[in-house]
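Got a structure here, written out as structure tokens. Questions coming.
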Amino acid sequence: MPYEPYMKELIKKVETTRSARIQAAKEGKHFPRLSEADGMKLMKEFHPDYKEGTKRQLAVGPSKGKVVPNELADILEAKSSLNSGTVDLSRIDYDVDVLVIGGGGAGSAAALVAQEHGARVLIATKLRHGDANTMMAEGGIQAADKPNDSPPIHFLDAIGGGHFSNDPQLVKTLTHDAPSVIQWLEHLGVMFDKDPDGTMRTLHGGGTARKRMHSAGDMTGAEIMRTLRDEVRNRTDIQVIEFAPALELFTDHEGRCAGAILFNFETEKYTVVRAKTTILATGGLGRLHIQGFPTTNHYGATADGLVLAYRAGASLCFLEATQFHPTGVIFPEQNIGLLITEKVRGAGAQLLNADGEQFVYPLETRDVESSAIIRECSERNKGIRTPTGRFGVWLDSPMIEVLKGPGTVARDFPAKYRQFGRHGIDISKEPMLIYPTLHYQNGGITINSQAETEVPNLYAAGEVAGGIHGINRLMGNSLLDITVFGRIAGKSAAEKAKQTQPGEITLQHVQKFHEELKKAGVGDGRISPILLPDYVGKIG
Amino acid sequence: MSNDVVPIYIMGKKYHVPATLTILKAMEYSGYKFIRGCGCRGGMCGACATVYRLEDSYKIVPALACQTVVEPNMSLTQIPFFPANKSIYDVEELEPGTQTLLQMYPEIARCVCCNSCTKICPQELDVMDYVQAALRGDIEKAAKLSFECIMCGLCASRCPGEIVQYHVGLLARRLYAKYLTPKAKHVADRVAETEQGKFDPELEELCRMDKPTLEKRYAQRDIEAQ
């Protein structure tokens, strides 16, 4: 629905300050950036991660004692839907070299590279091939490929953005391989935004020292995903099974991963897949709605991979930190929680309070930026109230039209322009109303730079893996992460498969985990992975 | 915001739902648990293609269930899947010629310019125009006009020529991006440098660096102007 009259009145305040703000921006003057220490201080007061009573220590498993959000602890400390005897493991339905669980960006990249290394590959995915957060990533993908930039500068940005918690070896791999994955995607036929001479049009993102955000309109992830999917489909020796979530991994008697059991969502039959090596690429946890926040995430983002890997013996890291994207839609209500890409701020749009005044540098790292917005809407009481009583701040998209020329918003942000247009809001003329939204699982399964987990023959790539971004990821490092580590996982898993004999398949690790739960007295009445969020009968 | 409840018909069956809900949320509110027909919930993935009619109009209206607010007495169904064949090709072997799209998808010659595809597109793309561009061998135009396609499949479900428009658009985009725009020289240059190991010593030094030194380096890094 369009803005109500009282909101249109408030927009006039934004318009009043706009020309002076644009003038200052043109002169290179901007709202002061916070120091690392001031940013941390702000976060401790206002970031949801620091809120009391929202997390707990895990009572069981390889990361026993680590603190994670309650919603995640609930599914990690839970029972399997399978008991010994539920399924006949003597009948093997698929016997492959590499099983890829998850058909998003990381899984597809992994499958392509594993196939190139001679592996017989099966992709199993919970929903459709391509149903993933990759499809929804809008703003861009980082790579230090401009002459004034370098992988070491990118390294510093990424590790500083993660408040120096990241695994440096993973950051090294991420930043070193970035230019080559851009080239790989370019050669596959991803339609990047380019100048007529082929130069990539790149922008800043929050926390970047160089303009290294490569984009394809505001559908960068969708463009990458549909290209990777098309390429997988062209290689007909890669098998794809859709609507088949993995319910558990298999382990052999030495504790090595040996495949997975799939569940046909529609026929409710089980499928036994034996694999020499297995890659988890199941994505993140947004649909657990940590602390009740709305999310930008895909319907299937229910942290299944974390649950499976944890039971099989893989430790988890950095899951105490959840990423809230500063600019989620807060109005219109129908789009609540949806992402508004950081690229909008990269293009010059500023954040403004109810008085039409700036209160934060627009491109702080996401955690700091989100904290500042939450402070503006709580302690400072300068948020804009929506008709249903929520609060948000303005994102002044119309100033992009002045800074970059009329028509820029519709050209560079076609998806957002259309999405708001459907509700009678022209974002080239009216600002957007935003509030932080649950966006990304910063941590995940512990991996090394070969994408190996601690469980032999089990690999992880993409959002399900942790350590690359530490406690906070920068914009554009996720599309990068899925392609870099997806490719590495594909290669590692294919090479390892050549030296591996297929193991026996058992669910003994699940039994062991159940015993541990019983001993600790937790997990009764809870079953996981949950596979899908439950919105039945609710007003979402 | 209104608390009104409106009647809607989901595959012919009547439900009363809050008037402010999207079709997707209205179906969940009514008791549906999606397996198919629901994806990103943000208008980007094409999983929730829907068609409906209103009681006072003969027209078929396309929608994405996650993006469209319910209307009183709408009669709707989702079309979560529609059969479509994709050509199999090696993009490295293809040439971006005027006949390539026609060779890969000969059925585009069956386009009768009825405009059904354009009318049904929930993204409001000029689908027929890009099919016609493809037929003329204008890869660039087909690529650009189809860029915002989310591959929901509604066009293919309505086409009397039995064309699968969205696969044609996808191939056009891959050909355009791969062959008809210049490669980024700065990317190739940087890849050569990384492969020669130019940055390895500095990256390794950063990996070994203690936190205070790293923090200092981070705080002192120069930031390119907007």
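When both residues are 6+ apart or on different chains and their Cβ atoms are under 8 Å apart, which pairs have a first residue that lies in region B:203-226 and is within 8 Å of chain A (Cβ to nearest Cβ) and in a loop (DSSP other than H, G, I, E, B), and a second that is surrounded by fewer than 14 Cβ atoms within 10 Å (Cβ to Cβ) and among the small types (Gly, Ala, Ser)?
B:ALA225/A:GLY28; B:GLN226/A:GLY28
Also, I was wondering about something else. From the residues in region A:447-480 that are among the polar types (S, T, N, Q) and closer than 21 Å to A:LYS276 by Cβ, which one is most open to solvent (accessible area, probe 1.4 Å)?
Filtering region A:447-480 down to residues among the polar types (S, T, N, Q) leaves A:448-450, A:453, A:457, A:472, A:477-478.
Subsequent filtering for residues that are closer than 21 Å to A:LYS276 by Cβ retains A:448, A:450, A:453, A:457.
On the way: A:ASN448: 61, A:GLN450: 97, A:THR453: 17, A:ASN457: 10 Å².
The residue in question is A:GLN450.
Let's see how each residue does on (1) in a loop (DSSP other than H, G, I, E, B); (2) open to solvent by 70 Å² or more (accessible area, probe 1.4 Å); (3) at pLDDT 95 or above; (4) among the charged types (D, E, K, R):
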site: A:ARG33; (1), (2), (3), (4): yes, yes, no, yes
site: A:LEU42; (1), (2), (3), (4): no, no, yes, no
site: A:SER63; (1), (2), (3), (4): yes, no, yes, no
site: A:LEU82; (1), (2), (3), (4): yes, no, no, no
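A further question on this structure: Going by the structure shown, is B:TYR176 of a type in the set (Ser, Thr, Tyr), under 30 Å from B:ILE108 (Cβ atoms), more than 8 Å from chain A (Cβ to nearest Cβ) and open to solvent by 10 Å² or more (accessible area, probe 1.4 Å)?
Values: of a type in the set (Ser, Thr, Tyr): yes; under 30 Å from B:ILE108 (Cβ atoms): yes; more than 8 Å from chain A (Cβ to nearest Cβ): no; open to solvent by 10 Å² or more (accessible area, probe 1.4 Å): yes.
No.
Continuing with this model, one more query. Identify all residues within region A:155-188 that are open to solvent by 10 Å² or more (accessible area, probe 1.4 Å), within 7 Å of chain B (Cβ to nearest Cβ) and either more than 21 Å from B:ALA188 (Cβ to Cβ) or among the hydroxyl-bearing types (Ser, Thr, Tyr) (or both); write none if there are none.
Listed by number, the residues that qualify are A:LEU156, A:PHE164, A:PRO168, A:GLN169, A:LYS172, A:SER180.
Here is a list: A:ARG345, A:ARG375, A:ARG366. Which entry is touching a helix residue (DSSP H, G or I) at 6+ places or on another chain (Cβ under 9 Å) and farther than 17 Å from A:HIS204 by Cα? Quick ask: steps written out before the conclusion?
On the way: A:ARG345 fails: farther than 17 Å from A:HIS204 by Cα; A:ARG366 fails: farther than 17 Å from A:HIS204 by Cα.
Sole residue among the options that is touching a helix residue (DSSP H, G or I) at 6+ places or on another chain (Cβ under 9 Å) and farther than 17 Å from A:HIS204 by Cα: A:ARG375.
A further question follows. Give me a count of the residues in region A:379-390 that are of a type outside the set (D, E, K, R) and modelled with pLDDT under 95. Outline the logic, then answer.
Of the residues in region A:379-390, the ones of a type outside the set (D, E, K, R) are A:381, A:383-384, A:386-389.
Then drop every residue that is not modelled with pLDDT under 95, which leaves A:386-389.
Looking only at that region, the number is 4.
Among the residues that make up region B:1-24, is at least one of them in a helix (DSSP H, G or I) and touching a Leu at 6+ places or on another chain (Cβ under 8 Å)? Can you show your working first?
At the first step, the residues of region B:1-24 found to be in a helix (DSSP H, G or I) are B:23-24.
Among the residues that remain, those that are also touching a Leu at 6+ places or on another chain (Cβ under 8 Å) are: B:23.
For region B:1-24, residues in a helix (DSSP H, G or I) and touching a Leu at 6+ places or on another chain (Cβ under 8 Å): present.
Same structure, new question: Would you mention how many residues in region A:498-530 are touching a helix residue (DSSP H, G or I) at 6+ places or on another chain (Cβ under 8 Å) and surrounded by 18 or more Cβ atoms within 10 Å (Cβ to Cβ)?
7
Something else about it: Please go through (1) open to solvent by 20 Å² or more (accessible area, probe 1.4 Å); (2) polar (S, T, N, Q); (3) touching a Leu at 6+ places or on another chain (Cβ under 7 Å) for A:GLN115 and return the number of the only condition it doesn't satisfy.
The failed condition is (3).
Could you tell me whether A:THR483 is open to solvent by less than 10 Å² (accessible area, probe 1.4 Å), polar (S, T, N, Q) and more than 24 Å from A:ALA178 (Cα to Cα)? Before the answer, list the steps.
On the way: open to solvent by less than 10 Å² (accessible area, probe 1.4 Å): yes; polar (S, T, N, Q): yes; more than 24 Å from A:ALA178 (Cα to Cα): no.
No: the conditions fail for A:THR483.
Looking only at region A:424-446, which residues are open to solvent by 10 Å² or more (accessible area, probe 1.4 Å) and either in contact with a His (Cβ under 7 Å, 6 or more places away or on another chain) or assigned to a loop (DSSP other than H, G, I, E, B) (or both)?
In the first step, residues of region A:424-446 are kept if they are open to solvent by 10 Å² or more (accessible area, probe 1.4 Å); the result is A:424, A:426, A:428-430, A:435, A:439, A:446.
A:GLY424, A:ASP426, A:SER428, A:LYS429, A:GLU430, A:HIS439, listed by residue number.
Contact list please: Cβ distance under 9 Å, first residue in region B:179-194 and more than 7 Å from chain A (Cβ to nearest Cβ), second residue among the acidic types (Asp, Glu), pairs at least six apart or on different chains.
Taking only residues 6 or more apart or on different chains, the pairs are B:TYR179/B:GLU95; B:LEU180/B:GLU140; B:ASP189/A:ASP145.
Still on this structure: Give the residue that is nearest to A:ARG128 (Cα to Cα), with candidates limited to residues of region A:84-105 that are open to solvent by less than 60 Å² (accessible area, probe 1.4 Å) and of a type in the set (A, V, I, L, M).
Per the stated criteria, the residue is A:ILE101.
Hey, another quick one. Can you report the number of residues in region A:307-334 which are crowded, with 24+ Cβ neighbours inside 10 Å, within 12 Å of another protein chain (Cβ to nearest Cβ) and in contact with a His (Cβ under 8 Å, 6 or more places away or on another chain)?
The number of residues fulfilling the criteria is 1.
Of all residues in region A:35-54, count the ones that are out of contact with any helix residue (DSSP H, G or I) (no Cβ under 6 Å at 6 or more places or on another chain) and of a type outside the set (S, T, N, Q).
Taking region A:35-54 and keeping what is out of contact with any helix residue (DSSP H, G or I) (no Cβ under 6 Å at 6 or more places or on another chain), we get A:35-38, A:40-41, A:45, A:49, A:51-53.
Remaining after also requiring of a type outside the set (S, T, N, Q): A:36-38, A:40-41, A:45, A:49, A:51-53.
The qualifying residues number 10.
Okay, moving on. Output the residues belonging to region A:442-493 that are polar (S, T, N, Q) and in contact with a Lys or Arg (Cβ under 9 Å, 6 or more places away or on another chain). Spell out how you get there, then give the answer.
So the first thing to find is which residues in region A:442-493 are polar (S, T, N, Q), and the list is A:442, A:446, A:448-450, A:453, A:457, A:472, A:477-478, A:483, A:492.
A:ASN442, A:SER449, A:GLN450, A:ASN457, A:ASN472 - these are the residues of region A:442-493 that are polar (S, T, N, Q) and in contact with a Lys or Arg (Cβ under 9 Å, 6 or more places away or on another chain).
Select, from A:GLU15, A:GLU52, the only residue that is over 32 Å from the mean Cα position of the chain (by Cα) and among the acidic types (Asp, Glu).
Working: A:GLU52 fails: over 32 Å from the mean Cα position of the chain (by Cα).
Answer to the check: A:GLU15.
For A:ALA37, indicate whether it is surrounded by fewer than 18 Cβ atoms within 10 Å (Cβ to Cβ) and assigned to a loop (DSSP other than H, G, I, E, B). Even if it seems obvious, please write down each step before you answer.
Numbers: surrounded by fewer than 18 Cβ atoms within 10 Å (Cβ to Cβ): yes; assigned to a loop (DSSP other than H, G, I, E, B): no.
It is false that A:ALA37 is surrounded by fewer than 18 Cβ atoms within 10 Å (Cβ to Cβ) and assigned to a loop (DSSP other than H, G, I, E, B).
How many residues does region B:190-202 contain that are in a helix (DSSP H, G or I) and open to solvent by less than 70 Å² (accessible area, probe 1.4 Å)?
Of the residues in region B:190-202, the ones in a helix (DSSP H, G or I) are B:190-195, B:200-202.
Now narrow it down to the ones that are open to solvent by less than 70 Å² (accessible area, probe 1.4 Å): B:190-194, B:200.
Count: 6.
Select from region A:387-423 the residues that are under 17 Å from A:GLY356 (Cβ atoms) and β-branched (Val, Ile, Thr) and write down the one among them that is surrounded by the most Cβ atoms within 10 Å (Cβ to Cβ).
A:VAL393
Condition test on A:VAL232, is it open to solvent by less than 40 Å² (accessible area, probe 1.4 Å), in a loop (DSSP other than H, G, I, E, B) and closer than 14 Å to A:ALA109 by Cβ? Outline the logic, then answer.
On the way: open to solvent by less than 40 Å² (accessible area, probe 1.4 Å): yes; in a loop (DSSP other than H, G, I, E, B): no; closer than 14 Å to A:ALA109 by Cβ: yes.
No.
Let me ask something else about it. If a residue has to be away from chain B (no Cβ under 14 Å) and either touching a strand residue (DSSP E or B) at 6+ places or on another chain (Cβ under 7 Å) or part of a helix (DSSP H, G or I) (or both) to count, how many in region A:369-401 make the cut? Outline the logic, then answer.
The initial filter retains those residues of region A:369-401 that are away from chain B (no Cβ under 14 Å), namely A:369-384, A:391-398, A:401.
Keeping just the survivors that are either touching a strand residue (DSSP E or B) at 6+ places or on another chain (Cβ under 7 Å) or part of a helix (DSSP H, G or I) (or both) gives A:369-377, A:383-384, A:391-398, A:401.
Count: 20.
The values are calculated or read from the model by the stated rules, or taken from the named source; none is laboratory data. Note that the structure is a prediction, hence the values are computed from the model and not measured. Here Cβ is always computed from backbone atoms with ideal geometry, including for glycine, and neighbour counts include all displayed protein chains. We work out accessible area using only protein heavy atoms, side chains counted, and drop any ligands, DNA or RNA first. Shrake-Rupley method; radii C 1.70, N 1.55, O 1.52, S 1.80 Å.
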